[in-house]
């Protein structure tokens with residue numbers, strides 16, 4: 001068991017008070033691939049269960065239990081966070097587990113107080129059944145979930161030319177390597193950014 005302290009801002013204290021008794025699931029591209037977090041808020045305490053999809057292909061098994069709560073009596077700059085981390089399965093390695101706490105808290109603050117857009121995504125589930133001594137695969141409606149995206153419905157069009165400053169870029173090459181190159185300053189003749197929902201519908205982005 002790891003027990004440590006880190007900063008806990010007034011924003012975090014306020015959001016846990018405002019969202020008391022809330023439960024949910026958060027998946028982020030900043031988490032380790034295949035990981036998601038289930039959270040529960042109760043009496044100013046945030047509880048997390050970290051799941052790794054590669055542990056068992058049939059079951060979702062939590063690999064870590066994390067419990068965090070503010071400790072105002074500890075002196076120091078800002079509020080402090082009392083964090084308890086308990087591994088639930090032997091052999092699972094997860095780095096920077098404290099980052100999961102930060103990500104969930106920041107997500108809750110942004111979702112509750114910032115002007116953001118939530119995109120609803122519907123899923124389907126394939127099931128194999130036996131009917132009249134024959135095996136059939138049917139498709140049923142799955143769970144709906146929401147994408148947290150400030151540009152989910154926003155399409156951006158800019159027809160005016162503007163200058164792009166010189167900058168470095170990691171340029172991919174056909175052999176799988178990348179090299180650092182310098183791009184000189186140039187003029188870009190506008191741009192068009194499709195809304196994320198349109199990219200999903202057109203197959204440009206695949207949601208996992």
Matching option when the condition is under 25 Å from residue 35 (Cβ atoms) and at pLDDT below 70, among 118, 97, 108, 88:
118
Residues (at pLDDT below 85 and assigned to a strand (DSSP E or B)) located in the range 173-191:
178, 188, 189, 190, 191
So, restricting to strands (runs of 3 or more DSSP E) that lie completely within the range 1-71, which ones have at least 1 residues that are under 21 Å from the mean Cα position of the chain (by Cα), farther than 30 Å from residue 126 by Cβ and at pLDDT below 75?
2-8
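For (1) at pLDDT 80 or above; (2) in a strand (DSSP E or B), each residue gets a yes or a no:
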| position | (1), (2) |
| --- | --- |
| 129 | yes, yes |
| 138 | yes, yes |
| 141 | yes, yes |
| 146 | no, yes |
| 152 | no, no |
| 159 | no, yes |
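The values are calculated or read from the model by the stated rules, or taken from the named source; none is laboratory data. Keep in mind it's a predicted model, so treat the numbers as computed, not measured. Every residue, glycine among them, receives a Cβ derived from its backbone with ideal geometry; neighbour counts consider all protein chains shown.
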